[in-house]
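Only the coordinates and a few stated rules stand behind these numbers; no lab work does. All of these numbers come straight from a predicted model, not from anything done at the bench. For neighbour counting, all protein chains shown are included, and Cβ atoms are generated from backbone atoms with ideal geometry for every residue, glycine included.
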Amino acid sequence: MLKRVSSGARERGFTLIELAIVMLVMGLLLAGLVMPLGARVEQQRIDETTRQLDDIRIALLGHALANDALPCPATPASNGQAASTAAGCVVRHGFVPAVTLGLHGGRNEDQLLLDAWGNPLRYSVSASDADGDGNWDFVRPGEMRDVTIGALTPDLRVCSTAAGSSPTACSGNATTVVSNAPAVLLSMGKDWAGFTSADQQENVGNTLGGGPSGRSYPVAGDTVFVSRPRSEASGGEFDDLVTWISPSAFYGQLVAGGRLP
Ligand SMILES: [Ca+2]
Ligand SMILES: [Ca+2]
Ligand SMILES: [Ca+2]
């Protein structure tokens, strides 16, 4: 008899306190699922943009083989085309000339190719003129051959930190990732240019506008860039994705393709 009463009491169901505990546990479990999902989406965007940058680098090499020179950067006013002048480019720091390179991908109103966050992918090219003839060595067809490999001086630098850098050099050998890139490609990441950390500031400095949208976009202000692992640490935030053309690989391909002696 006693046993039956006790069993009946157990079958009453959950108390409010038990229900609250269950809901709390479920809430924690759901939060655990939601947070990694956001992180996964972000990782997918990073991967997608990294692939885009790789594809663009291959397209730039192909363009150099086919045209005997790298293309000039696009500007917001150049309809996705390389913005060239008689002796060089309209700007050395601009955007990927997606139409000139025939690249797939979403473009904005100014015909600028977009990364996975919907922001324009940047492209900078060396304006060096080692033979002093007034023509940029890397963007005028045949100019690299005239100057010769040994005399070329591509001058875009990538450093592992902005600390101690000048407008033309990293702080020293230990922080120099590359000191002689002919071209640099850059996605400004999820934050666009929101972070004000020194390393992110190193990758901006000027603005470029003049396109149909009326927007003005941040671009590099000098020849020094920073590439380092992503971080959200306060004051040290960094989410830019930076890649470049290695001069050795570049010359090797041009030689193999018969464009350089
Ligand atoms: Ca020249
Ligand atoms: Ca950024
Ligand atoms: Ca800089």
### Message
Output the 0 to 90 degree angle, nearest 10, between the alpha-carbon long axis of helix 247-256 and the longest principal axis computed from the alpha carbons of the chain.
### Response
60
### Query
Computed FRET efficiency, Cβ-Cβ of residue 85 and residue 131, R0 25 Å: what is it to the nearest 0.05?
0.90
### Query
Given the rule -39500 (n - 2.57) for each run of at least 4 DSSP H residues, summed and divided by the residues of the chain, what is its mean residue ellipticity at 222 nm, to the nearest 500 deg cm²/dmol?
-10500 deg cm²/dmol
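Going highest first, how would you order 80-93, 112-125, 208-221 by mean Cβ packing within 10 Å?
Numbers: 80-93: 19.0, 112-125: 23.3, 208-221: 17.2.
Packing proxy ranking, top to bottom: 112-125, 80-93, 208-221.
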### Query
In a GNM of the chain with a 10 Å cut-off on Cα contacts, which of 46, 149, 56 has the highest mean-square fluctuation?
149
### Task
Once every Cα of the chain carries one equal point scatterer and solvent is ignored, give the base-10 log of I(q)/I(0) from the Debye formula at q = 0.10, 0.11 Å⁻¹, two decimals.
-0.54, -0.63
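Hey, got the dipole for the chain? About the Cα centre, +1 on K and R Cβ, -1 on D and E Cβ, debye to the nearest 20? Walk me through the intermediate numbers first.
Numbers: 19 positive and 26 negative charges, 257 e Å.
The dipole magnitude comes to about 1240 debye.
Work through the residues other than residue 177 whose Cβ is under 10 Å from its Cβ and net out their charges, Lys, Arg +1 and Asp, Glu -1. Display every interim value, and only then the final one.
On the way: positive: 157, 228; negative: none.
Value of the local net charge: +2.
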### Summary
The alpha-carbon center of region 182-223 and that of region 89-128 are separated, in whole Å, by 12
#### Entry: Inter-probe distance in nm under a simple model that places probes 7 Å from Cα toward Cβ, at residue 29 and residue 16
2.4
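In the chain, what % of DSSP beta bridges are antiparallel (nearest 5)?
Numbers: 25 of 28 bridges.
Beta bridges within the chain, antiparallel portion: roughly 90 percent.
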### Task
Which order do the peptides 18-27, 68-77, 99-108 take when ranked by the mean count of other beta-carbon atoms within 10 Å per residue, highest first?
68-77, 99-108, 18-27
### Message
Tell me which of 206, 188, 168 sits at the most positive position along the dipole axis of region 127-256, charges placed on C-beta atoms (Lys, Arg +1; Asp, Glu -1).
### Response
188
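Where Rh is the Kirkwood radius over the Cα pairs of region 124-198, the temperature 20 °C and the viscosity 1.002 mPa s, what D in µm²/s does Stokes-Einstein return?
Details: Rh = 14.1 Å.
Using the Kirkwood radius from Cα pairs, D works out to 152 µm²/s.
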### Task
Sticking with the crude label model, points 7 Å out along Cα→Cβ, report the distance from residue 145 to residue 77 in nm, one decimal please.
3.4
#### Entry: Mean separation of Cα contacts under 8 Å, 6 or more apart, over the residue count of the chain: relative contact order %
17
